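Participant: My structure is below; once you've seen it, I'll send some questions.
The values are calculated or read from the model by the stated rules, or taken from the named source; none is laboratory data. What you see is a predicted model, and the numbers here were worked out from it, not measured in a lab. Here the Cβ positions follow ideal geometry from the backbone for every residue, glycine too, while neighbour counts run over all protein chains shown. Protein only, heavy atoms only, side chains kept; ligands, DNA and RNA dropped before computing areas. Shrake-Rupley method; radii C 1.70, N 1.55, O 1.52, S 1.80 Å.
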Amino acid sequence: MSKITTELLLERAVPRSTRLRKIETLNLSKLQLKTGDLDPRLFSRLRHLQKLDLSDNLLDKFPNSLTLPDLRVLNCNNNKLEDVTALKQFPLLEELTYENNVYLTLNDDYKVMFLLQNLRLLNGKDITKLANHVRCVNSRKLTSKVTAHWEKFFRDQLPEKYTAEQVKSIKKKFLKSVQTNVVYGPSSLSEFTRWRVKMIAEEFLAYSLGLELNSDTEPEEKMDENEEEGTESPREAAEDVAKVGDFSSYISNVTVTPSKRKRNHSKSSPGKKRSKTQANTKEEAALNPRKSSHEDVSAEPLHFLQCHSKGNSREDFKTQLWSCVFEPVLDSGARKDPIVSSSRTVATCGGESVCLIDCETGTVLKKYKVATEEFFSVAWTTLTMVISDSRKKAHNILAAAGRRGIVKLIHVAADFCYGEIKAHKKPIATVCFSPTQETHLFTASYDKRIALWDIGIPDCDYNFKASQLLVLETASIPLRIALVPTCPEQYLLAGCEDGCFAWNIKLDKGQKTRPFEAIFQFPDEESMTTSHRVDGLAFLNDDVVVSKSSKPGCIYLWSWSRSFDAKGKGCQRTMSAVILAELEWSTTDMSYLTLSTCPAKEYVFCGDEKGSVWMYNLSSYTTAWGSAKGKRSERKISPTQILEWPELRVNGEQPPEILVNNVIADPAFTYLVVLTSVNITAIWKKS
């Protein structure tokens, strides 16, 4: 029997009513209502209903024929809605809220903006301007692309005299092709774009060929289980994760000129670590970076973003940005090739916030804030979660950690910080996930410990259980960690304040707390030493390690397999790193300017104290290094190219001295993301 009766509707009316047709405001919240409880025959009698509250129920969709012709305000917060297209039956709707429906994404926001022509407020935000853009500019662009696709690929396939079967066949091919090939806007809106393209294509065919128009605006094919999820505007999802005021807003008064900035050669003390601590700037410029005598990478700056500002202040040039990592593409299967699976969405952290940025458009897709936190590191993993009705789906999870020693776990597609792990009592310097065990997370802390956690897989209500599997003891603070690619479940490397160490992390060993197994020696003038700060560490390929020390201008490439003697006995053994080459880099003694690698393209990247990015293409060296007889390169390897920081002015003024704290490329080396000490994220694109 339905939970909703005439008596209930009259009782829940505001104010109470004696007749259904007189009800203008109705509160049906917190009744555990399911979709089947919304009886169209009963609701059709609510002819003058203007405000309806269905929050805190169990609705997964709306029936298509509720017939509420005068409905203006609808609240669907805290349900289980999976689709919004049925809301088109309420054409007079002006205010709509559906926060905390975890299966709805930014794509659904755009769908309702298109479908509801009178909508002014969505989830409490004025969307008038954006909605007009979606209905007019977006539709115009897509219509042009759909028409061009027909003219180029399908027009000549249809004979002058055609049969119904021929039309049916070409319609099917055209709809499939146009949804696959017409691309517009950021990848986070790909589902909405396909939905609109299909709609526009059907309208085009109906007009051009006189075909019957399918009035069902819902896509015929659901998104594949492994297909990339859309993202949505930020919502408050946990007590200390704040809401963003708007879709990314741009600061327009930023100028970039090709002239080089004046060099400031002042240095800060190498012994003292620089303090680790959002508005969005966007400007495009054509810039000729400084070139070495080697090949030209032809990269140009796309965007300069100031999206981590404290209090969203445009005057904040003090917040330091520390870590960035590209989001993995969810479509696994045949797309494990790192180049094919490259994403253009990057997560960045610094200060009190974590941002997700579309590198192509410069749009800040999401922003998570914790007022008392200072984020130092972010890492991605992909978990297969049970979403509803025992269905499983892959979702990307972002881990973020920093000064408080707490790991935040964020389900990005749902815009929900579903949990935290109190991992350490002191700050966490860096985190990384295992490439083979998706729930295994390593956290390296100022408490001189590296912990391995199993974060578990959350259920459909986001209940999860995290457990500590292992603790690795370090002699000094760990700064960078890397799992050995050939045996990621057995060995971990760490660059620390006082050396480079290795641990055996195999879980079949009984010991839960372990000392380091090896410490590596590196050249120091005329001798070898283990005592030096290693603030950069990454693998270039399965064997070649790239490490950077605080010794001025010192980046070494060395062989893991030839340096580490796994057959040796005993713990805490000292081993000499088998050096393959040294990279020519800045002569600064500034610490914590970390490096990164792009293994698929055999590149190394490292920023300097002057805002420049040093890039090294090492593809011509790796074959020789792979040989057992490979000898050390006698000369330092010069950078392939140095990208210099352009003359960037904000409000007519040049930012203070710029240090490049981190720089990372996507797996295909299409984008280069540069994080600085002055709260500016620079995005370069290889042309």
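Participant: Express the accessible area of the range 6-209 per residue in Å², computed with a 1.4 Å probe while the remaining protein chains stay in the model.
Facilitator: Result: 50 Å² of accessible area for each residue.
Participant: Using modelled backbone amide H atoms (1.01 Å from N, in-plane), which distant-in-sequence or interchain residues come within less than 5 Å of residue 447's amide H?
Facilitator: 426
Participant: Right, next: Taking the Cβ of residue 344 as the centre, find all other residues whose Cβ is under 9 Å away and add up their charges (Lys, Arg: +1; Asp, Glu: -1).
Facilitator: The answer is -4.
Participant: Quick check: the distance between the Cα centres of the range 520-566 and the range 346-373, to the nearest angstrom?
Facilitator: So the two Cα centres are separated by 32 Å.
Participant: Share of antiparallel DSSP beta bridges in the range 6-209, in percent to the nearest 5?
Facilitator: 20
Participant: In the range 41-101, what GluC sites (Glu not before Pro) fall in a loop by DSSP, with at most 14 other Cβ atoms inside 10 Å?
Facilitator: none
Participant: Can you pull the accessible area of residue 496 for me, 1.4 Å probe, Å² to the nearest 10?
Facilitator: Looks like 0 Å² after rounding.
Participant: Within the range 452-549, list the GluC sites (Glu not before Pro) lying in a DSSP loop whose Cβ has at most 13 other Cβ atoms in a 10 Å radius.
Facilitator: Passing sites in the range 452-549 are 525, 526.
Participant: Taking R0 as 41 Å, what's the FRET efficiency between residue 168 and residue 118 from their Cβ-Cβ distance, rounded to 0.05? Could you put the intermediate results ahead of the total?
Facilitator: Working: r = 37 Å, r/R0 = 0.89.
My answer for the efficiency is 0.65.
Participant: Let me ask another. How many nm is it between the label spots at residue 489 and residue 529, if each spot is 7 Å from the Cα in line with the beta carbon?
Facilitator: 4.0
Participant: Strictly over 23 Å apart at the Cα level, which of 425/512; 125/367; 129/393 would you flag in this model?
Facilitator: Among 425/512; 125/367; 129/393, the Cα-Cα distance tops 23 Å for 129/393.
Participant: Can I ask one more? Give the separation of the Cα centroids, the range 391-420 to the range 39-65, in Å.
Facilitator: 34
Participant: Determine the sum of side-chain charges near residue 48: Lys and Arg each +1, Asp and Glu each -1, restricted to other residues whose C-beta is under 9 angstrom from that of residue 48.
Facilitator: Surrounding charge for residue 48 is +1.
Participant: Got the relative contact order for the range 384-439 handy, in percent, Cα pairs under 8 Å and 6 or more residues apart? Could you put the intermediate results ahead of the total?
Facilitator: Details: 83 pairs, mean separation 15.1, N = 56.
In percent, rounded to a whole number, it is 27.
Participant: In whole percent, what relative contact order does the range 6-209 give with Cα contacts below 8 Å and a gap of six or more residues?
Facilitator: 12
Participant: Can you give me the % of accessible surface on the range 1-136 that is carbon or sulfur? Probe 1.4 Å, all protein chains present, nothing else counted.
Facilitator: On the way: 3070 of 6410 Å².
Its accessible area is 48 percent carbon and sulfur atoms.
Participant: Counting Lys +1, Arg +1, Asp -1, Glu -1, what net charge surrounds residue 4 among other residues with beta carbon under 10 Å of its beta carbon?
Facilitator: Summing Lys and Arg as +1 and Asp and Glu as -1 gives -1.
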